[in-house]
Amino acid sequence: MAWVLKMDEVIESGLVHDFDATLSGIGQELGAGAYSMSDVLALPIFKQEDSSLPLDDETKHPPFQYVMCAATSPAVKLHDETLTYLNQGQSYEIRMLDNRKMGDMPEITGKLVKSIIRVVFHDRRLQYTEHQQLEGWKWNRPGDRLLDLDIPMSVGIIDTRTNPSQLNAVEFLWDPAKRTSAFIQVHCISTEFTPRKHGGEKGVPFRIQVDTFKQNENGEYTDHLHSASCQIKVFKPKGADRKQKTDREKMEKRTAHEKEKYQPSYDTTILTECSPWPDTPTAYVNSSPSAAPTFTSPQQSTCSVPDSNSSSPNHQGDGVSQASSEKLQPSATIQETQQWLLKNRFSSYTRLFSNFSGADLLKLTKEDLVQICGAADGIRLYNSLKSRSVRPRLTIYVCQEQPSSTPLQGQQQAAGSGGENGSGTPYVYHAIYLEEMVASEVARKLALVFNIPFHQINQVYRQGPIGIHILVSDQMVQNFQDESCFLFSTVKAENGDGIHIILK
């Protein structure tokens, strides 16, 4: 047995020696003199592959960096965008950092640049209805702004400006060569734009976006340089601190394996590059896909918008033709579609649908319009597109009496088959459609149809038995029979100021 073990040791040592010799031989054959990595890389196949790889100098290097001094949430999964919680009305610093390499953008060296900071919606649906959402917020919070600059705390910013029509944006000039910090205050909270407000609802996220521009040849700051943004949620005072603490406690309860799926919380928030905001001039909007829909203000069209409740002389009683003339046709151009929106009291959506033709607008479903315009206006716009007009509560037919006609005879003829006046000319009646069963509505519609100044009408009377004049009251209008026929005449008021209308 001892002899067998000894033989095994001899064989094993011989194998090791042969293996070492083999390795040493490889090292001698591939010495520096016989093998050169540079020669191999010089082969055409390696040159082809290398030419397709980007060089370090060609990698994109943003000229600026914006850092907001607010901690990110620890409850954000890996590869998701960071989320930062802010307190309403609290000042937060955004550091404006010059990130250029030596020799980059020499045209702005020693010059000022302009930055616009905005708070905008993160959700795509709310981006499409931003104008309406902000108008609603403005109505509920008159005199307030969504975003403000804390100028006393800010450093290095000059010529600060706020546009009264843009409550969610501030702008200023700054020198990239100097230390610059802008302190912002966000006054809107995320739950103000949730559809249901019963308490405990999840607030909508916002975005803080910074767009920076340089001067063009005319000295205007319109040439786009850089844009970056980050996702935020805004809470009532101290609410962001409580939310941050809650997220941190939830993460501490997770296992180590689960924690690996989430990002760590950082003390500051770095704004990531994005496309410029669409409200910026088209001259500096780049060709990359926009993160939000581009709004283009339509040219101002000078068209008269008649009262939607009026009965015009041009629509003399033909309710069907009136509805068809107001219906949006698929062949309508963009300009005609804009005029249709204005005429039908959708002026606040002309900007949103600025590039829509009639066919484009008619293709939208009821659900699409509700999502874009909200429930109330979405349903109203859908009904208008489908010509679902409201049926009037009362219809009466009225003809203005000619001086040569006999009132009683004319009235009797009108009650028959239409009738003619004494000269053989047929009476022409106008349809009056009443949406409200009140006397003032009768006077207003008569004034519109027969071109009578409304302020000159003192009273409206109805001729009763034996020629008496009965004052037309709301109760009398409510007792009119539908499709009643009336002749009417006008007489001067007793004081000579204005006229009275007498229905017969």
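Yes/no per residue for (1) charged (D, E, K, R); (2) surrounded by 17 or more Cβ atoms within 10 Å (Cβ to Cβ); (3) over 18 Å from the mean Cα position of the chain (by Cα); (4) assigned to a loop (DSSP other than H, G, I, E, B):
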{"site": "TRP340", "(1), (2), (3), (4)": "no, yes, yes, no"}
{"site": "SER348", "(1), (2), (3), (4)": "no, no, no, no"}
{"site": "ARG351", "(1), (2), (3), (4)": "yes, no, no, yes"}
{"site": "SER354", "(1), (2), (3), (4)": "no, yes, no, yes"}
{"site": "LEU361", "(1), (2), (3), (4)": "no, yes, no, no"}
{"site": "ASP368", "(1), (2), (3), (4)": "yes, no, no, no"}
{"site": "GLN371", "(1), (2), (3), (4)": "no, no, no, no"}
{"site": "ALA376", "(1), (2), (3), (4)": "no, no, no, no"}
{"site": "TYR382", "(1), (2), (3), (4)": "no, yes, yes, no"}
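Take the residues of the stretch 234-245 that are open to solvent by less than 30 Å² (accessible area, probe 1.4 Å) and not aliphatic (A, V, I, L, M): which is farthest from GLU171 (Cα to Cα)? Can you show your working first?
Pass one, the stretch 234-245, residues open to solvent by less than 30 Å² (accessible area, probe 1.4 Å): 234, 239-240, 244.
From what's left, not aliphatic (A, V, I, L, M): 239, 244.
On the way: GLY239: 28, GLN244: 30 Å.
Across the stretch 234-245, the extreme among qualifying residues is GLN244.
Within the stretch 350-367, residues that are in contact (Cβ under 8 Å) with a residue 40 or more places away in the chain and within 20 Å of GLU130 (Cβ to Cβ) reach partners that are open to solvent by 60 Å² or more (accessible area, probe 1.4 Å) and of a type in the set (A, V, I, L, M, F, W, C) with beta carbons closer than 9 Å, at six or more positions or on different chains, in the pairs SER354/ILE334; ASN355/ILE334.
Against the conditions (1) open to solvent by 50 Å² or more (accessible area, probe 1.4 Å); (2) touching a Leu at 6+ places or on another chain (Cβ under 8 Å), GLU435 satisfies every one except (2).
Among the residues of the stretch 440-480, which ones are under 42 Å from the mean Cα position of the chain (by Cα) and not polar (S, T, N, Q)?
Pass one, the stretch 440-480, residues under 42 Å from the mean Cα position of the chain (by Cα): 440-449, 451, 453-455.
Result: GLU441, VAL442, ALA443, ARG444, LYS445, LEU446, ALA447, LEU448, VAL449, PRO453, PHE454, HIS455.
Residues in the stretch 481-504 that are open to solvent by 20 Å² or more (accessible area, probe 1.4 Å), hydrophobic (A, V, I, L, M, F, W, C) and touching a residue at least 24 places away in the same chain (Cβ under 8 Å): 2 in all. Would you please name the residue that is modelled with the lowest pLDDT, looking only at residues in the stretch 446-471 that are open to solvent by 70 Å² or more (accessible area, probe 1.4 Å) and assigned to a loop (DSSP other than H, G, I, E, B)? Taking the candidates together, the pick is ASN451. Just the residues that are within 14 Å of TYR85 (Cβ to Cβ), in a helix (DSSP H, G or I) and open to solvent by less than 60 Å² (accessible area, probe 1.4 Å), please, taken from the stretch 247-271. If the condition is that a residue be within 14 Å of TYR85 (Cβ to Cβ), in a helix (DSSP H, G or I) and open to solvent by less than 60 Å² (accessible area, probe 1.4 Å), then ASP247 is the only one that fits.
Each row is one residue, and each column tells you yes or no for (1) at pLDDT 85 or above; (2) in a loop (DSSP other than H, G, I, E, B); (3) of a type outside the set (S, T, N, Q).
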{"position": "TYR397", "(1), (2), (3)": "yes, no, yes"}
{"position": "GLN402", "(1), (2), (3)": "no, yes, no"}
{"position": "SER405", "(1), (2), (3)": "no, yes, no"}
{"position": "ARG444", "(1), (2), (3)": "yes, no, yes"}
{"position": "GLN475", "(1), (2), (3)": "yes, no, no"}
{"position": "ASP482", "(1), (2), (3)": "yes, yes, yes"}
{"position": "PHE488", "(1), (2), (3)": "no, no, yes"}
{"position": "ASN495", "(1), (2), (3)": "no, yes, no"}
{"position": "ILE502", "(1), (2), (3)": "yes, no, yes"}
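Within the stretch 170-196, residues that are under 15 Å from GLY89 (Cα atoms) have Cβ atoms under 6 Å from residues that are aromatic (Phe, Trp, Tyr) and not in a loop (DSSP other than H, G, I, E, B) in these pairs: ILE184/TYR92, counting only partners at least 6 apart in sequence or on another chain.
Restrict the check to the stretch 265-277 and report whether at least one residue is in contact with an Asp or Glu (Cβ under 6 Å, 6 or more places away or on another chain) and at pLDDT below 70. No, every residue in the stretch 265-277 fails to be in contact with an Asp or Glu (Cβ under 6 Å, 6 or more places away or on another chain) and at pLDDT below 70.
The values are calculated or read from the model by the stated rules, or taken from the named source; none is laboratory data. Predicted model, so just to flag it, every value in this text is computed and none were measured. Ideal geometry is used to build each Cβ from the backbone, glycine not excepted, and the neighbour counts take in all protein chains shown. For accessibility, only protein heavy atoms count, side chains too; no ligands or nucleic acids. Shrake-Rupley method; radii C 1.70, N 1.55, O 1.52, S 1.80 Å.
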